[in-house]
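The values are calculated or read from the model by the stated rules, or taken from the named source; none is laboratory data. Bear in mind the structure is a predicted one, so any value in this text is a computation, not a measurement. Here the Cβ positions follow ideal geometry from the backbone for every residue, glycine too, while neighbour counts run over all protein chains shown. For the accessible areas, the whole protein counts, side chains as well, though only heavy atoms, and no ligand, DNA or RNA atoms are used. Shrake-Rupley method; radii C 1.70, N 1.55, O 1.52, S 1.80 Å.
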Amino acid sequence: MNTVELSLFIEANYPATATSIAQRKAIFGVGANDAHYATQPRVNGKQIKDPAYRAWVNMLVRAYNQKYHAARPTYSDVTACKDWHSFSAFRAWWLDNYKEGWQLDKDLLVPGNREYSPDACIYIPSRLNAFTIDCGAVRGGLPIGVSIYKPTGKYQSHCNNPITGNRRRLGYFTTPEAAHDTWLNYKLALADQLKPDMDTIDQRIHPNVVTIIKALR
């Protein structure tokens, strides 16, 4: 069975007991597991986790887990909307929007968005998610897509290509600005190549991705 079918199977076959409901605790102090069924039942002697519940908890980790924020400071001001503090509310949206093997994204429909919510979130393929995450990666004191090539001291430009799955070296430059401009132009060209895929998901994605990339200039 696929991921959604598994969630529905758990819901239909493993009702929560009054005792198990009473034992539930708030996730990171905000998340309420208000499901009427057991979200982590034992199936054939093995404990499994409802994939909708797993997706909800992972979202709350990114929004409210301080250890996660320490490792990934760009998430330090991210939150989840009040409705999604409720697992059942998140799951209702998840059942309608989840795509098998895809990943939850909060930035592509609303560039710069810092809140997980039903209006801002969308499921996208992992390669597209990796492409956009790479736009916001931290590169220390150098521009994005730039590093120093130690043997020569020159600046090199490099970029992951989500189409081929390979990391491409774009050349060596005497200034970090020139290396970054090359990265930027290559990134924009990749976005145009990915446009047909983006448009089949949501036609707002491509122009927003272009806006995100250009803002890094």
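With the requirement that a residue be among the aliphatic types (A, V, I, L, M), at pLDDT 95 or above and under 12 Å from the mean Cα position of the chain (by Cα), what does region 79-117 give you?
Leu104
Restricting attention to region 2-17, which residues are open to solvent by 50 Å² or more (accessible area, probe 1.4 Å) and small (Gly, Ala, Ser)?
Ala12
Could you pull out the residue among Tyr98, Tyr68, Tyr37, Tyr53 that is touching a helix residue (DSSP H, G or I) at 6+ places or on another chain (Cβ under 7 Å), open to solvent by less than 50 Å² (accessible area, probe 1.4 Å) and closer than 27 Å to Lys195 by Cβ?
Criteria check complete, one pass: Tyr98.
Residues checked against (1) in a helix (DSSP H, G or I); (2) surrounded by 12 or more Cβ atoms within 10 Å (Cβ to Cβ):
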| site | (1), (2) |
| --- | --- |
| Arg167 | no, no |
| Leu170 | no, yes |
| Trp183 | yes, yes |
| Ala189 | yes, no |
| Lys195 | yes, yes |
| Asp199 | yes, yes |
| Gln203 | no, no |
| Asn208 | yes, yes |
| Ile212 | yes, yes |
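Of the numbered conditions (1) in contact with a Pro (Cβ under 9 Å, 6 or more places away or on another chain); (2) assigned to a loop (DSSP other than H, G, I, E, B); (3) of a type in the set (Ser, Thr, Tyr), Thr152 satisfies every one except a single condition; which is it?
The failed condition is (1).
Given the options Ser76, Ser88, name the one that is among the hydroxyl-bearing types (Ser, Thr, Tyr), surrounded by fewer than 17 Cβ atoms within 10 Å (Cβ to Cβ) and under 15 Å from Ala26 (Cβ atoms).
Just one listed residue meets the conditions, Ser88.
Counting just the residues of region 149-168 that are at pLDDT 90 or above and in contact with a strand residue (DSSP E or B) (Cβ under 6 Å, 6 or more places away or on another chain), which one comes out farthest from Lys187 (Cα to Cα)?
Lys154
I need the full set of residues from region 141-189 which are in contact (Cβ under 8 Å) with a residue 12 or more places away in the chain, among the charged types (D, E, K, R) and either in contact with a His (Cβ under 8 Å, 6 or more places away or on another chain) or more than 13 Å from Leu216 (Cα to Cα) (or both), in order please.
Of everything in region 141-189, those that are in contact (Cβ under 8 Å) with a residue 12 or more places away in the chain, among the charged types (D, E, K, R) and either in contact with a His (Cβ under 8 Å, 6 or more places away or on another chain) or more than 13 Å from Leu216 (Cα to Cα) (or both) turn out to be Lys154, Arg168, Arg169.
Restricting attention to region 172-181, and to residues there that are touching a strand residue (DSSP E or B) at 6+ places or on another chain (Cβ under 8 Å) and outside any loop (DSSP other than H, G, I, E, B), which single residue is farthest from Ser126 (Cα to Cα)?
Selected residue: Phe173.
Looking at the structure I just gave you, is Val61 of a type in the set (Val, Ile, Thr) and closer than 22 Å to Asn208 by Cα?
So Val61 fails the test.
Among (1) polar (S, T, N, Q); (2) open to solvent by less than 60 Å² (accessible area, probe 1.4 Å); (3) within 27 Å of the chain's Cα centre (by Cα), where does Ser20 come up short?
Checking Ser20 against (1) polar (S, T, N, Q); (2) open to solvent by less than 60 Å² (accessible area, probe 1.4 Å); (3) within 27 Å of the chain's Cα centre (by Cα), the one that fails is (3).
Tell me, which residue of region 126-147 that is open to solvent by 20 Å² or more (accessible area, probe 1.4 Å) and within 10 Å of the chain's Cα centre (by Cα) is modelled with the lowest pLDDT?
Ile133
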